[in-house]
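> Sending over a structure as structure tokens; questions will come in a sec.
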Amino acid sequence: MADSFDVIVIGGGPGGYVCAIRAAQLGMTVACVEKRATLGGTCLNVGCIPSKALLQSSEEYHHAAHALADHGVIVEGVKFDLARMQARKGEVVGANVKGIEFLFKKNKVTWLKGSGKIAGPNKVDVGGTVYDTKHIVIATGSESVPLAGVEVDEKTIVTSTGALELDKVPGHLVVIGGGVIGLELGSVWRRLGAEVTVIEFLDRIVPGMDGEIAKHFQRVLAKQGIKFKLGSKVTGATKGIGTVTLTVEPAKGGTAEEIRADIVLLAIGRRPFTQGIGLAEAGVALDERGRIRTDRHYTTNVPGIHAIGDVIAGPMLAHKAEEEGVALAELLAGQAGHVNYSAIPGVVYTDPEVASIGQTEEELKAAGTAYSVGKFPFTANGRARAMGNTEGFVKLLADKATDKLLGAHIIGPDAGTLIAEIATAIEFGASAEDVARTCHAHPTLSEAVKEAALAVASRALHV
Ligand SMILES: Cc1cc2nc3c(=O)[nH]c(=O)nc-3n(C[C@H](O)[C@H](O)[C@H](O)COP(=O)(O)OP(=O)(O)OC[C@H]3O[C@@H](n4cnc5c(N)ncnc54)[C@H](O)[C@@H]3O)c2cc1C
């Protein structure tokens, strides 16, 4: 095996593996160090992919048990087999991680198995062997944020990793944190029959999401039986036999109460993973939130050391990490790599899905930007009616003076796919009128996007 490469990437998640593949495509010799037994990082192993597998399976069950009769499809005695659901999830993950291994072979990326550490300028140590490289890319990702007094054992007090592995449906699942991960996994176990309570410090769920959409989202989840305890903080957890008792106080102070749970899911956020990589020894600077500080070309304060993905600033999303991986590889090849941070979609894969891109109404107000709003409900969309899936609406925000699209927020069926049209529109600097004048196939959910674009100019046709 070679002991010298043009690029060594530390971390084989979506940021790292994509950067490695793109750099190899551009003619560089590349190695990727990954300490996990499989490639794909958090996303493929314990994040996006397994969570979506369980969301899909639990949705199929819920649909068969509760929605098919309305379509005139009678399925009696609907049951689920959790062991099979979990096995299927494992198969999905297995196929995905093997796929990355195949892509590495195809693109001649060397997988250096083990823990990588910066061993000096242009040197990386992997399990005692030191490799030379022109460029080091740190893509070590993130980890779950701990909470004082709530000790994770991944059995009764779990992070998302443990919540994806439960072998029986908890009687009462308490989710600490009303963010995307907690709500997605709360939905999985709610659909399978758990009582689910979400405890959130703030007085709203999904902080950062457009406020109107977040309120609607909470109402929809409440209708599905998820209970919310907002403005509350968990200050301690006491484990009993098979149960946990949480101490919960009002966030602003006041009388504490106790809440009993069978399983507690700690999901208060993720933080950059920067330990054991030799950053301090190499003199790599972190920002005030412990993220690796980089310039716009993903280079740290130390020449030859770069960083991408969850370990740097920006939304902790797999596709953001991938875009940065591509941009960095292209920059290293002397090309003009670039990521447009105004056009990164975010999706919550609940039912209905919630998707957003660009600015929220709150952000536009805070910036003093004059804007127009166009909204269209799925109740007025023929396809959504035919599907029996009419919850939610599309909301577009456009500059009042120029009509340029500034943001899109969708709660409704397949919102995560619908948002891609607006991502393309924003990338092309499109106006709401551009989307409104584009012919959309009938009957499709995408017509709701077109109608919302028409509504920006108060000329929606179907409401
Ligand atoms: C439950 C859950 C669901 C999620 N769902 C979504 C979703 O639906 N959509 C979405 O966009 N994002 C989702 N995310 C977030 C997404 O997983 C991350 O944003 C993404 O994985 C970040 O990619 P990355 O390459 O920066 O880091 P990671 O994927 O975290 O990969 C980093 C890799 O580096 C390795 N590593 C660390 N240190 C070393 C070392 N010293 N040597 C060798 N290897 C090392 C780690 O083992 C890891 O494999 C989810 C996350 C979770 C936890």
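> Out of VAL449, VAL463, VAL435, I need the residue that is under 26 Å from ARG219 (Cβ atoms) and buried (at least 18 other Cβ atoms within 10 Å of the Cβ). Which one?
VAL449
> If I ask for residues that are surrounded by 23 or more Cβ atoms within 10 Å (Cβ to Cβ), more than 19 Å from LYS215 (Cα to Cα) and over 24 Å from the mean Cα position of the chain (by Cα), which ones from region 356-410 would you list?
Selection gives ASN381, ALA384, ALA398.
> Further question on the same structure: Can you go through LYS89, LYS52, LYS79 and tell me which one is closer than 30 Å to MET387 by Cα, more than 15 Å from the ligand (Cβ to nearest atom) and in contact with a helix residue (DSSP H, G or I) (Cβ under 9 Å, 6 or more places away or on another chain)?
Testing whether each residue is closer than 30 Å to MET387 by Cα, more than 15 Å from the ligand (Cβ to nearest atom) and in contact with a helix residue (DSSP H, G or I) (Cβ under 9 Å, 6 or more places away or on another chain) leaves just LYS79.
> Continuing with this model, one more query. Given the conditions (1) touching a residue at least 24 places away in the same chain (Cβ under 8 Å); (2) farther than 27 Å from GLY186 by Cβ; (3) assigned to a helix (DSSP H, G or I), which single one is not true for HIS319?
(2)
> Out of everything in region 130-156 that is more than 13 Å from the ligand (Cβ to nearest atom) and in a strand (DSSP E or B), what residue ends up being nearest to GLY283 (Cα to Cα)?
HIS135
> From GLY186, GLY178, GLY182, GLY162, which residue is touching a Leu at 6+ places or on another chain (Cβ under 9 Å), under 26 Å from ALA321 (Cβ atoms), assigned to a loop (DSSP other than H, G, I, E, B) and of a type outside the set (D, E, K, R)?
GLY178
> Can you tell me which residues in region 21-71 are of a type in the set (Asp, Glu) and either surrounded by fewer than 21 Cβ atoms within 10 Å (Cβ to Cβ) or part of a helix (DSSP H, G or I) (or both)?
From region 21-71, those of a type in the set (Asp, Glu) are 34, 59-60, 70; that's our starting set.
Scanning region 21-71 gives GLU59, GLU60, ASP70.
> Working only within region 93-112, note down all residues that are surrounded by 18 or more Cβ atoms within 10 Å (Cβ to Cβ) and assigned to a helix (DSSP H, G or I). Break it down into steps so the answer makes sense when it comes.
Pass one, region 93-112, residues surrounded by 18 or more Cβ atoms within 10 Å (Cβ to Cβ): 93, 96-97, 100, 104, 109-110, 112.
VAL93, ASN96, VAL97, ILE100, PHE104 - these are the residues of region 93-112 that are surrounded by 18 or more Cβ atoms within 10 Å (Cβ to Cβ) and assigned to a helix (DSSP H, G or I).
> Return the pairs, sorted by first residue and then second, in which the second residue is more than 6 Å from the ligand (Cβ to nearest atom) and not in a loop (DSSP other than H, G, I, E, B), the first residue lies in region 1-17 and is at pLDDT below 95, the beta carbons are less than 6 Å apart, and the residues are 6+ apart or on different chains.
Between residues of region 1-17 that are at pLDDT below 95 and residues that are more than 6 Å from the ligand (Cβ to nearest atom) and not in a loop (DSSP other than H, G, I, E, B), the close pairs are ASP3/TYR131.
> While we're on this one: If you take the residues in region 334-355 that are surrounded by fewer than 17 Cβ atoms within 10 Å (Cβ to Cβ) and in a helix (DSSP H, G or I), which one is farthest from the ligand (Cβ to nearest atom)?
Out of the qualifying residues, it is SER342.
The values are calculated or read from the model by the stated rules, or taken from the named source; none is laboratory data. Predicted, not measured: the structure shown is a model, and the values here were computed from it. Note that we place each Cβ from the backbone using ideal geometry, even for glycine, and neighbour counts take in every protein chain shown.
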